[in-house]
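Undergrad: Quick one: structure below, then a few questions.
The values are calculated or read from the model by the stated rules, or taken from the named source; none is laboratory data. Treat the numbers as computed from the prediction; the structure is a model and nothing was measured. Quick reminder, even Gly has a Cβ in these numbers, built from the backbone with ideal geometry, and neighbours come from all protein chains shown. Note: accessible area is taken over every heavy atom of the protein model, side chains too, but ligands, DNA and RNA are not part of it. Shrake-Rupley method; radii C 1.70, N 1.55, O 1.52, S 1.80 Å.
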Amino acid sequence: MEETLGIRTGEPMAFSPQPDPVQADDAVKKHAQSYKLSGVKKDIEKLYEAVPQLSSVFKIKDKIGEGTFSSVYLATAQSQEGPEEEIALKHLIPTSHPVRIAAELQCLTVAGGQDNVMGVKYCFRKNDHVVIAMPYLEHESFLDILNSLSFQEVREYMFNLLKALKRIHQFGIVHRDVKPSNFLYNRHLKKYALVDFGLAQGTNDTKIDLLKCVQSEAQQESCSLNKCRGITGNKTALGGSAPKGVDPQAATKSAKRPCAKEHIQTKQGKDGKEGSVGLSVQRSVFGERNFNIHSSISHESPAMKLIKHSKTVDVVSRKLATKKKPNSTKVMSGGVIKKTASSDSAHSTCDCYATDRVCSVCLSRRQQVAPRAGTPGFRAPEVLTKCPNQTTAIDIWSAGVIFLSLLSGRYPFYKASDDLTALAQIMTIRGSRETIQAAKAFGKSILCSKEVPAQDLRKLCERLRGLPSNTSTLASDTQGHASPNPAFSEKTDHKALYLKHASQMQQSENFLCKGDHNGHRSRFGEYTTNSEGWDEVPDEAYDLLDKLLDLNPASRITAEEALLHPFFKDMSL
């Protein structure tokens with residue numbers, strides 16, 4: 001039987017060794033790294049060819065970042081005297097308009113170089129290739145250090161961010177893309193730098209002359225779009241042929257985003273969609289990873305579903321309105337009926353909702369135009385609702401979202417694939433009634449089928465940072481059995497509550513660090529949680545957060561006012 005099976009006794013059997021999964025992973029990583037290095041080497045060679053004068057000044061070492069409109073390289077200045085200086089070379093894509101490039105340079109030269117705003121050292125140009133040389137600031141990834149920051153470090157971070165915003169707002173500069181990857185932070189040196197003014201716009205009284213040119217071009221473009229729409233509006237139907245020589249998709253995108261043309265650049269992904277998530281990941285031009293593809297928040301929040309449902313209700317009401325109008329004019333004479341019908345067609349509600357066509361009433365209306373450039377998750381309510389009058393307050397809102405991430409330990413806090421979803425997510429935190437009321441203040445109307453209450457920012461942040469889900473219940477119990485001693489303040493309650501669950505939090509973290517069901521180390525275990533100062537977060541922190549996230553841009557706190565807030569009472573400018 002043994003000979004039949006081909007197995008001889010007394011001889012050792014040979015088996016092929018099982019591959020080591022760790023060695024296999026290392027081999028894959030090495031292969032990917034070598035492939036990446038070869039690609040970076042080619043990009044550096046192409047940059048030397050595009051701008052030859054760089055080779056006589058800099059020695060480019062590595063490619064440290066790539067964005068939608070630029071790539072950034074790390075280089076050293078080949079100076080004859082003194083040590084080598086590290087420089088960040090920002091290579092703008094050739095399709096960027098000269099006015100936009102010049103405006104970014106003027107922002108860096110006029111406002112940069114102090115108060116945590118990045119400056120500029122040199123600028124090189126060869127044909128349509130432009131390279132901006134800036135001081136290099138080595139920095140940490142925001143997500144890598146988020147849960148390891150002490151509360152004092154959070155205070156310093158926000159203070160220096162608001163300090164930078166105060167600086168640029170003094171010159172009438174609206175950054176439009178304030179986010180952690182555009183605010184570089186060196187934790188060891190305690191240095192900060194606000195970067196990337198590629199989307200910057202000017203206020204009405206801006207001191208940056210070239211931003212006025214950008215703003216005037218955007219206004220002229222929007223006017224021309226509305227004129228063109230008025231001429232062709234009554235002749236174009238959905239699915240019909242577009243005017244000769246005009247790309248229908250391009251016309252639609254231009255109508256929705258006037259700043260998205262070649263000479264008024266906005267944040268677009270490679271798929272051509274502004275604010276796309278997942279398919280085109282926008283990375284920082286200074287090498288920091290963009291983690292907007294990860295989120296602990298669901299894509300479809302309850303409020304978003306409620307808002308989507310309100311559209312159906314609105315359709316019914318609009319259809320009823322259109323059915324009632326002819327009945328009201330039947331008693332009138334024929335001549336009057338004709339006049340009423342013609343006036344109704346210009347001002348009445350259309351009847352093309354929930355159909356596969358676009359009526360002449362909709363096509364004859366002026367296109368709503370407003371800038372919406374920026375990164376999803378950081379856009380203010382007035383940007384999401386296409387408010388035409390946008391000010392420096394949109395940067396303050398973005399700073400508030402960053403502060404919300406710092407206090408809650410969650411990044412990104414908001415993640416949405418479209419403006420409606422983003423607005424719904426804001427409602428789940430700030431409340432639907434408050435959002436609707438604020439929108440009315442700047443001339444916008446928001447419909448929601450059900451009221452969503454505003455959340456308490458302290459309870460929300462403490463729950464997300466790590467306290468158990470029954471935090472609010474425990475807090476209410478503690479307040480209900482308050483000590484008769486008046487010295488037993490609310491801060492003492494929060495500290496006791498934090499200490500009570502500290503051991504439970506640590507056990508939960510240790511469990512996450514052990515590994516998942518595949519035996520791999522969890523992402524949460526890579527960072528060491530720093531509890532220093534988090535046991536007694538003052539009420540002033542959440543008061544400032546509430547003012548930064550004011551839904552009404554007119555009453556939203558300014559950067560200058562925020563720096564004088566009691567939250568920064570012991571910090572000097």
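Undergrad: Per residue, how much accessible surface does the stretch 40-136 expose to a 1.4 Å probe? Answer in Å², no decimals.
TA: On the way: 4670 Å² over 97 residues.
For the stretch 40-136, the solvent-accessible area averages 48 Å² per residue.
Undergrad: Could you provide, to the nearest whole Å², the per residue accessible area of the stretch 360-409 with probe 1.4 Å?
TA: The answer is 26 Å² per residue.
Undergrad: Next up: At most 13 other Cβ atoms within 10 Å and a DSSP loop assignment: could you name the GluC sites (Glu not before Pro) in the stretch 56-107 that fit?
TA: Counting only loop positions with at most 13 other Cβ atoms within 10 Å, the GluC sites (Glu not before Pro) in the stretch 56-107 are Glu81, Glu84.
Undergrad: Something else: Whose amide H sits under 5 Å from the amide H of Lys61, counting only residues 5 or more places off or on another chain, with H placed in the peptide plane?
TA: Leu74, Ala75, Thr76
Undergrad: Right, something else. Enumerate the calculated ³J(HN,Hα) couplings along the stretch 159-170 in order (Karplus 6.51 cos²θ - 1.76 cosθ + 1.60, θ = phi - 60°), each rounded to whole Hz, writing x wherever the residue is Gly or Pro.
TA: For the stretch 159-170, the Karplus curve yields 4, 6, 5, 5, 5, 5, 5, 4, 4, 6, 5, 5 Hz.
Undergrad: If you plug each phi of the stretch 373-378 into the Karplus form 6.51 cos²θ - 1.76 cosθ + 1.60 with θ = phi - 60°, what whole-Hz ³J(HN,Hα) values come out, in order, with x for Gly and Pro?
TA: 5, x, 9, x, x, 10
Undergrad: Right, here's the next one. Under the √(5λ) rule applied to the eigenvalues of the Cα gyration tensor, what semi-axes describe the equivalent ellipsoid of the stretch 40-136? Give them in Å, descending.
TA: Whole-Å semi-axes of the equivalent ellipsoid: 20, 18, 12.
Undergrad: Hey, another quick one. Keeping every protein chain in place, order Tyr414, Tyr48 by accessible area at 1.4 Å, biggest value first, i.e. largest first.
TA: Tyr48, Tyr414
Undergrad: Accessible surface of Lys41 in the full protein assembly, 1.4 angstrom probe, to the nearest 10 Å²?
TA: For Lys41, the solvent-accessible surface is approximately 130 Å².
Undergrad: What trypsin sites (Lys or Arg not before Pro) does the stretch 403-457 have in DSSP loop regions with at most 12 other beta carbons within 10 Å?
TA: Lys450
Undergrad: May I pose another question? Keeping all protein chains in the complex and leaving out DNA, RNA and ligands, what accessible area do you get for Thr349 with a 1.4 Å probe, in Å² to the nearest 10?
TA: Accessible area of Thr349: about 40 Å².
Undergrad: Please list, ordered by chain and number, the residues whose modelled amide H lies under 5 Å from the amide H of Val174; skip anything fewer than 5 residues away on the same chain.
TA: Gln201, Gly202, Thr203
Undergrad: What list of ³J(HN,Hα) values in whole Hz, one per residue of the stretch 398-413 in order, does the Karplus curve 6.51 cos²θ - 1.76 cosθ + 1.60 (θ = phi - 60°) give from phi, with Gly and Pro shown as x?
TA: Karplus-based 3J(HN,Hα) across the stretch 398-413 equals 4, 5, x, 5, 5, 5, 5, 5, 5, 6, 8, x, 10, 8, x, 7 Hz.
Undergrad: Share of the stretch 40-136's accessible area from carbon and sulfur, percent, 1.4 Å?
TA: Result for the stretch 40-136: 48 percent of the exposed heavy-atom area is carbon or sulfur.
Undergrad: Around Glu85, which amide H atoms from residues at least 5 apart in sequence, or from another chain, sit under 5 Å from its own amide H, with H modelled in the peptide plane?
TA: When sequence neighbours closer than 5 places are left aside, the close amide H contacts are Ala77, Ser79.
Undergrad: Are any of the pairs Lys46/Lys121; Lys42/Lys126; Lys42/Lys191; Lys166/Lys459; Lys126/Lys179; Lys63/Lys166 more than 24 Å apart by Cα-Cα distance, and if so, which?
TA: Lys42/Lys191; Lys166/Lys459; Lys126/Lys179; Lys63/Lys166
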